[in-house]
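Notes follow the structure.
The values are calculated or read from the model by the stated rules, or taken from the named source; none is laboratory data. This one's a predicted model, so the numbers in the text were calculated from it and none came from an experiment. Glycine also receives a Cβ, built like all others from the backbone with ideal geometry; neighbour counts cover every protein chain displayed.
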Amino acid sequence: MNDGCGTGNGQAKAVQVSDGIYCIPVNLPSSQLFEGMWPMPDGVSLNSYVVKGEKTAIIDLIEDIDGEAACYLRKLASIDLRPEDIDYLIINHMEPDHTRWLPEFHARNPRVRIYLSSKAAKMLKSFCDIDTNVHVVKNGERLDLGGGKVLEFHETPHIHWPETIMTYELQSGTLFSCDGFGSFGVVDGLHFDDQLSLEQREFFLAEALRYYSNIVANFSTFVTKAIAQLSELEIKVVAPSHGIIWRANPQTIIEAYSRFAAYLKGPAEPEITLVWSSMYGNTAQLVETVERTVRQEGMPLHIHRVPDDLIGHVVASAWRSSGLILGMPTYEYQMFPPMAWMLDMFRRKKVHNKTVLRFGSAGWSGGAQRELDIITEKLKWDFLEPIEWFGAPRQLQFDKMAERTRELVARVRHACEQE
Ligand code: FEO
C-alpha cells in the first residue's frame, strides 16, 4: 500500500514514546548532503515530537526537501491531529533541518504560540519572517499543558547553534534534546534503543560519533557544560531530533556524547588514523609499512585515502583517534590540494591535541610541510619529526617510517595510559 511516506519512511504512523508523547519522524535519503556538504550514506532522520496534555505541543519540526511534509502530515493524522490543532510550537533549534517547513505549518496555524529562546526569536524573524505569538523562554521556565504534562526549558547554547534550548517533560522524564545526542542514519521501523540488535546499536553509536564530529564538534566545550547542567534532571528518555530514541539506557548516549566532547582536549582513544593521498604513487609506497607496523604493535588503525573516502568518515576517525599519521606529497610548491582541504576541515572542526607523524614526497621542491605548519598552527598537535624525501622513497625512508610509526604508537599508548 502506498502510505505517502515513500521508501525508507516507514509506515505513515506516529511512534508512541509514552502516554501522550509521540515521535513523528521523517527520513532524508542518502542522496541528500547534510548541511549541503556532508555525505549521508545511510541518510538521517528528522524527529519531531508531539506532547498531548489538555493542550497540545509540537517540539521541533522538519525540513521538507522532497515531499517529507506530506509524510509528516500523514503521521500526524494517525494520532488525529492536523497543524491547525496544535496549541504550542516549541523551537529548540532554528537550523533549517528543523524549521524549513515552519512557514508552511505557520500559514496553516498562525495562532500557534511559539516558545523559543531570545536568540531563536531573532532567527525566526530573519529566517521565516515570523514575529507574532512568540514567547521567549527563560532558563528553567515551565509550560503546563494540563493533563499532567509539564514542559521545562533549558538553555543549552551551541548544541549546535547559539540559540539552542532543550525541553524536558517532567512527568515522563523525557529530554527533547534536538541535535544533542543525535546521530545520522534513517530510522525505519526501529525507533528505540531496546529494539536494536547489538550490531544495530553499534551502528547508531558509530553514526552518533560521525554526526557529532561533523556537526557538533566545534562546540565541544558547550556540550561538556550542558551535560553537567542536565545531570540535575532525572532523564528517563533521551529523545533527539536525529536518530534513535534512548529509553532503555539513556545514559549510553549521554556518556557517548560526554566522551566525544572530551576528545577535544585529548587524549582520545588509543587508536591511530592514517589519512593519506598520493599523486603518482611515491607517497603511497609507505602506506603498507605504516599499516604493517601499527598492526604489529597491536593498536587499532583507521585508514582513509583522500580524496577517495567520504570526508565525514575521515573527520570521525580523526576525532576519536589520539594519533594521526598524515601522508601527503608536495604539489606545485604547496600541499597536495585534497589534503589541504581535509586539514582545513580538521582545523574548522577543532581536531585538537593529537600526536602526529607526517610523511610524503617533496616532489622536486618541497612545500607541503610548510603549509602543514601554517594550517595546524592552532591545533595543539604534538609532531614527530616528519619523513620527507625528493622524488621516490628509498630503503632509508621505509626504515624511518617503521621506526617513527613505532614511536608514535608508544607515545599514543603512553598518553592514553596517563588518563
Ligand atoms: Fe539538526 Fe543543528 O540541526
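Just to be sure, is K149 surrounded by fewer than 22 Cβ atoms within 10 Å (Cβ to Cβ) and among the basic types (K, R)? It is false that K149 is surrounded by fewer than 22 Cβ atoms within 10 Å (Cβ to Cβ) and among the basic types (K, R).
Restricting to the stretch 389-405, what's the tally of residues that are surrounded by 14 or more Cβ atoms within 10 Å (Cβ to Cβ), of a type outside the set (A, V, I, L, M) and either in contact with a helix residue (DSSP H, G or I) (Cβ under 6 Å, 6 or more places away or on another chain) or assigned to a loop (DSSP other than H, G, I, E, B) (or both)? Here the count works out to 4. Residues that are more than 21 Å from the chain's Cα centre (by Cα) and surrounded by 22 or more Cβ atoms within 10 Å (Cβ to Cβ) within the stretch 77-100 comprise L89, I90, listed in sequence order.
Out of all the residues in the stretch 368-385, which are closer than 19 Å to N218 by Cβ and acidic (D, E)? Spell out the reasoning first.
Of the stretch 368-385, the ones closer than 19 Å to N218 by Cβ are 375-381.
Within the stretch 368-385, just E377 meets the criteria.
Residues that are within 29 Å of V216 (Cα to Cα) and touching a strand residue (DSSP E or B) at 6+ places or on another chain (Cβ under 7 Å) were ranked within the stretch 343-367; the one that is surrounded by the most Cβ atoms within 10 Å (Cβ to Cβ) is K354. When E407, E419 are screened for being under 20 Å from A268 (Cα atoms) and at pLDDT below 95, only E419 passes. Scanning the stretch 177-196 for residues that are within 14 Å of the ligand (Cβ to nearest atom) and outside any loop (DSSP other than H, G, I, E, B) yields S177, C178, G185.
So for the stretch 164-175 (the condition being within 16 Å of the ligand (Cβ to nearest atom), in a loop (DSSP other than H, G, I, E, B) and within 20 Å of the chain's Cα centre (by Cα)), does at least one residue qualify? So that I can check it myself, show each step before the final result.
Filtering the stretch 164-175 for residues within 16 Å of the ligand (Cβ to nearest atom) gives 164-167, 175.
So of that shortlist, the ones also in a loop (DSSP other than H, G, I, E, B) come out as 164.
Of the ones still in play, those that are also within 20 Å of the chain's Cα centre (by Cα) are 164.
Yes; the residues of the stretch 164-175 include at least one that is within 16 Å of the ligand (Cβ to nearest atom), in a loop (DSSP other than H, G, I, E, B) and within 20 Å of the chain's Cα centre (by Cα).
Here E199 qualifies as free of Cβ contacts under 8 Å to residues at least 12 places away in the same chain and more than 16 Å from the ligand (Cβ to nearest atom).
Answer with yes or no whether K378 is surrounded by fewer than 17 Cβ atoms within 10 Å (Cβ to Cβ) and either touching a helix residue (DSSP H, G or I) at 6+ places or on another chain (Cβ under 9 Å) or under 30 Å from H158 (Cβ atoms) (or both). When the stated conditions are applied, K378 passes them.
Among the residues of the stretch 248-257, are any within 15 Å of the ligand (Cβ to nearest atom), modelled with pLDDT of 95 or more and β-branched (V, I, T)? No: zero hits. Just to be sure before I move on: is A69 at pLDDT 95 or above and part of a helix (DSSP H, G or I) in the structure I sent? Yes; evaluated as a whole, the condition is true for this residue. Across the stretch 105-121, the qualifying residues are those that are charged (D, E, K, R) and surrounded by 15 or more Cβ atoms within 10 Å (Cβ to Cβ), and the one among them that is nearest to the ligand (Cβ to nearest atom) is K119.
Here N133 passes the criteria (1) touching a Lys or Arg at 6+ places or on another chain (Cβ under 8 Å); (2) within 16 Å of the ligand (Cβ to nearest atom); (3) of a type in the set (S, T, N, Q) except the one numbered (2). Scanning the stretch 347-388 for residues being among the β-branched types (V, I, T), over 18 Å from S321 (Cβ atoms) and not in a helix (DSSP H, G or I) gives a total of 1. Tell me which residues, restricted to the stretch 19-52, are surrounded by fewer than 19 Cβ atoms within 10 Å (Cβ to Cβ), at negative phi, outside any strand (DSSP E or B) and not charged (D, E, K, R). Hits for the stretch 19-52 are P29, S30, S31, Q32, M37, P41.
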